[in-house]
Amino acid sequence: MGIKDWPADQQPREKLLARGAAALTDAELLAIFLRTGSPGKSAVDLAQDLLFEFASLRALMQADCARFTQAKGLGNAKYAQLQAVLEMARRHTFEELDRGDVLTSPEATRAYLSNQLRHYPHEVFACLFLDNQHHILKFEELFRGTIDGASVYPREVVKKALEHNAAAVIFAHNHPSGISEPSQADKMITEKLKDALALLDIRVLDHFIIGDGSPYSFAEHGLL
């Protein structure tokens, strides 16, 4: 039975229109993106097969072109569509964040940093440079490492902060493992960066760790 023959309230697209995207399962959202199934399978069936093959929606969305197009029902056109969707999401959240004070938009800040960093298979350390009103001056990815960790150099961070004439900064880095709890090394480098920037009256407002789920905030956990 094709999706069009299902009860209207069970069809992914109709369900989304009636109840909002958050009401859909991963498979239903993916089915809307796929649009069509394969012989003998509905788009939802195909979506469920793909989620099983990749183990998670996140892994599917992070797959490179070669891996993505190996899967049945996917090809270069679908890969291009997915990359366009992801980039639109990044730009949308940045526009939201760029309109005001980042401290009054904590959810937009989290969403933007997650969209920027969550997809990397290796660690990336990044920074939001802010002015006195906490408006964004620049977002930069500063250091890249292996899945085991990134080397972060305080001197380079200070240099960049001065280059952008920043009054405050927000740090962020991803944990490819998906676990957002900070390691002892994360805590130590944050303290070093905070001390180095304090000499120039540049404040560290927060440090987010991007993993699965909601980003971990150093400020919210009293670590700054």
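The values are calculated or read from the model by the stated rules, or taken from the named source; none is laboratory data. Only a predicted model underlies this, so the values are computations on that prediction, with no experimental measurement involved. Backbone-built Cβ (ideal geometry, glycine too); neighbour counts: all protein chains shown. Only protein heavy atoms, including side chains, enter the accessible area calculation; ligands, DNA and RNA are left aside. Shrake-Rupley method; radii C 1.70, N 1.55, O 1.52, S 1.80 Å.
With the structure loaded, tell me whether LEU137 is of a type in the set (A, V, I, L, M, F, W, C) and open to solvent by 70 Å² or more (accessible area, probe 1.4 Å) or whether it fails that test. Steps first, answer last, please.
Working: of a type in the set (A, V, I, L, M, F, W, C): yes; open to solvent by 70 Å² or more (accessible area, probe 1.4 Å): yes.
The answer is yes for LEU137.
Taking GLY145 as the residue in question, decide whether it is in contact (Cβ under 8 Å) with a residue 12 or more places away in the chain, small (Gly, Ala, Ser) and surrounded by fewer than 20 Cβ atoms within 10 Å (Cβ to Cβ). So that I can check it myself, show each step before the final result.
Values: in contact (Cβ under 8 Å) with a residue 12 or more places away in the chain: yes; small (Gly, Ala, Ser): yes; surrounded by fewer than 20 Cβ atoms within 10 Å (Cβ to Cβ): yes.
Considered against the rule, which asks whether it is in contact (Cβ under 8 Å) with a residue 12 or more places away in the chain, small (Gly, Ala, Ser) and surrounded by fewer than 20 Cβ atoms within 10 Å (Cβ to Cβ), GLY145 comes out as yes.
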Review point. So which residues in region 60-72 are part of a loop (DSSP other than H, G, I, E, B) and surrounded by fewer than 16 Cβ atoms within 10 Å (Cβ to Cβ)?
Key: ASP64, THR69, GLN70, LYS72
Review point. Got a number for residues in region 148-201 being loosely packed, with under 13 Cβ neighbours inside 10 Å, closer than 22 Å to GLY213 by Cα and touching a strand residue (DSSP E or B) at 6+ places or on another chain (Cβ under 7 Å)?
Key: 2
Practice item. Quick one: in region 39-59, of everything that is in contact with an Asp or Glu (Cβ under 8 Å, 6 or more places away or on another chain) and open to solvent by less than 20 Å² (accessible area, probe 1.4 Å), which residue is nearest to TYR120 (Cα to Cα)? Key: ALA47
Revision key, fill the gap. The one condition TYR112 fails out of (1) in a strand (DSSP E or B); (2) surrounded by 19 or more Cβ atoms within 10 Å (Cβ to Cβ); (3) under 14 Å from the mean Cα position of the chain (by Cα) is (1)
